[in-house]
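Beneath this line is the structure, given in structure tokens, with notes to follow.
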Amino acid sequence: MVPLRERMAEDLRIRNYSPRTVECYVSMMERFTRAFAKPPSQLGLAEIRAFQSSLVAKQVSWTLFNQAVCAIRFFYRVTLPRDFQVEHIPFAKVKRALPTVLSVDEVRRLLGVVTNIKHRAILSLIYATGARLNEATHLRVRDIDGARMMVHIRHGKGGKPRMVPMSAALRELLRDYWRAEHPRDYLFPGVVQDHPLHENSVQKACEKARLLARLEKRASVHTLRHSYATHLLELGVDLRTIQKLLGHSSLSTTAIYVHVTGRLLDAANKAIDLLAIPG
């Protein structure tokens with residue numbers, strides 16, 4: 001599997017899959033081959049079905065289950081084509097649950113109790129731009145365009161970059177953070193300056209803030225992204241614009257927020273500036 005592992009990783013990279021997806025798919029294929037102690041060239045639909053059954057028996061999440069299907073399909077379609085059709089490898093039908101969303105007041109309470117300036121800055125940025133956690137941790141200092149009031153997300157999901165407007169309040173918070181921390185390359189460096197802040201650090205900071213703010217909702221970092229989208233929708237921003245801001249490839253993905261919000265307010269001229277960034 002070692003040469004095939006490298007070939008699969010290369011196949012994914014040249015198709016512009018994200019580093020996280022490359023790691024995930026390769027790891028899942030290794031898990032599949034280890035289950036049968038055979039090289040992948042000797043495995044077929046029967047083994048794939050048995051592997052899927054084992055995942056169900058272990059009660060893994062359906063997201064992880066479908067991740068395995070994606071990895072196996074890619075491997076046998078691109079890296080090691082076989083005489084069977086990968087389309088016959090079934091995905092699990094996943095019932096999409098409505099995302100948890102915080103109110104504007106709850107967001108203020110959450111961000112207001114964060115005392116670490118780096119954690120407060122990155123959590124505020126995620127809420128005020130709708131960035132994914134991985135996108136936020138990989139931002140560089142040069143990606144913040146204070147003059148144009150824009151954040152350049154270069155490593156969006158699927159390798160798609162996008163520009164997102166930022167509010168004056170977020171710009172001032174980032175300036176305060178920069179004066180305090182002086183990041184050189186990564187906007188939010190980890191323990192080692194030339195490495196990004198670890199995602200687990202941000203998740204732990206968010207959970208700590210949730211407890212301190214005494215929020216009853218099971219909010220995570222991604223909840224801030226959901227809240228951003230929902231609050232913009234409530235402020236009258238159209239769905240297509242929100243799709244572009246979030247970096248969704250399909251409008252149907254964005255449309256879930258229509259079911260989250262119960263009302264639409266009149267359009268605001270500067271909806272971005274109305275998002276809750278505590279001073």
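The values are calculated or read from the model by the stated rules, or taken from the named source; none is laboratory data. Remember, predicted model here, so these are calculated numbers, not experimental data. So basically every Cβ, Gly included, is an ideal-geometry build from the backbone, and we count neighbours across all protein chains shown.
Close Cβ contacts (under 7 Å, 6 or more residues apart or on different chains) running from residues in segment 1-28 that are on the phi > 0 side of the Ramachandran plot and touching a residue at least 60 places away in the same chain (Cβ under 8 Å) to residues that are surrounded by fewer than 17 Cβ atoms within 10 Å (Cβ to Cβ) and not in a loop (DSSP other than H, G, I, E, B) comprise Asn16/Gly159.
Within segment 161-182, take every residue that is within 12 Å of Met149 (Cα to Cα), surrounded by fewer than 20 Cβ atoms within 10 Å (Cβ to Cβ) and not small (Gly, Ala, Ser) and give me the one that is farthest from the chain's Cα centre (by Cα). Among residues in segment 161-182 that are within 12 Å of Met149 (Cα to Cα), surrounded by fewer than 20 Cβ atoms within 10 Å (Cβ to Cβ) and not small (Gly, Ala, Ser), the one farthest from the chain's Cα centre (by Cα) is Glu172. Residues satisfying the criterion are absent from segment 53-71 (criterion: more than 23 Å from the chain's Cα centre (by Cα) and in contact (Cβ under 8 Å) with a residue 24 or more places away in the chain). Scanning segment 116-128 for residues that are among the β-branched types (Val, Ile, Thr) and closer than 17 Å to Ser220 by Cβ yields a count of 2. As a summary of the residue check, Arg140 satisfies the conditions (1) assigned by TED's automatic domain parsing to the domain that holds Glu23; (2) surrounded by fewer than 19 Cβ atoms within 10 Å (Cβ to Cβ) except for the one numbered (1). Lys160 satisfies every condition listed in (1) at pLDDT below 90; (2) in contact with a His (Cβ under 6 Å, 6 or more places away or on another chain) except (2). Among the residues of segment 215-242, those that are of a type outside the set (S, T, N, Q) and not in a helix (DSSP H, G or I) comprise Leu215, Glu216, Lys217, Arg218, Ala219, Leu235, Gly236, Val237, Asp238.
For segment 243-256, the set of residues classified as assigned to a helix (DSSP H, G or I), of a type outside the set (Val, Ile, Thr) and out of contact with any Gly (no Cβ under 7 Å at 6 or more places or on another chain) consists of Gln243, Lys244, Leu251, Ser252, listed by residue number. A residue that is exposed (fewer than 12 other Cβ atoms within 10 Å of the Cβ) and among the charged types (D, E, K, R) can be found somewhere in segment 54-73. Only a single item in (1) small (Gly, Ala, Ser); (2) in a helix (DSSP H, G or I); (3) within 19 Å of Leu224 (Cβ to Cβ) is not met by Ala180, and it is number (3).
Being part of a helix (DSSP H, G or I), among the hydroxyl-bearing types (Ser, Thr, Tyr) and modelled with pLDDT of 70 or more is a condition met by at least one residue of segment 257-273.
Candidates Arg225, Arg154: the one that is in contact with a helix residue (DSSP H, G or I) (Cβ under 7 Å, 6 or more places away or on another chain), surrounded by fewer than 17 Cβ atoms within 10 Å (Cβ to Cβ) and either within 14 Å of Ala136 (Cα to Cα) or at pLDDT 95 or above (or both) is Arg154. For segment 184-214, the tally of residues that are crowded, with 17+ Cβ neighbours inside 10 Å, not small (Gly, Ala, Ser) and not in a helix (DSSP H, G or I) stands at 6. Among the residues of segment 74-103, those identified as surrounded by 14 or more Cβ atoms within 10 Å (Cβ to Cβ) and in a helix (DSSP H, G or I) are Phe74, Phe75, Tyr76, Arg77, Val78, Thr79, Val86.
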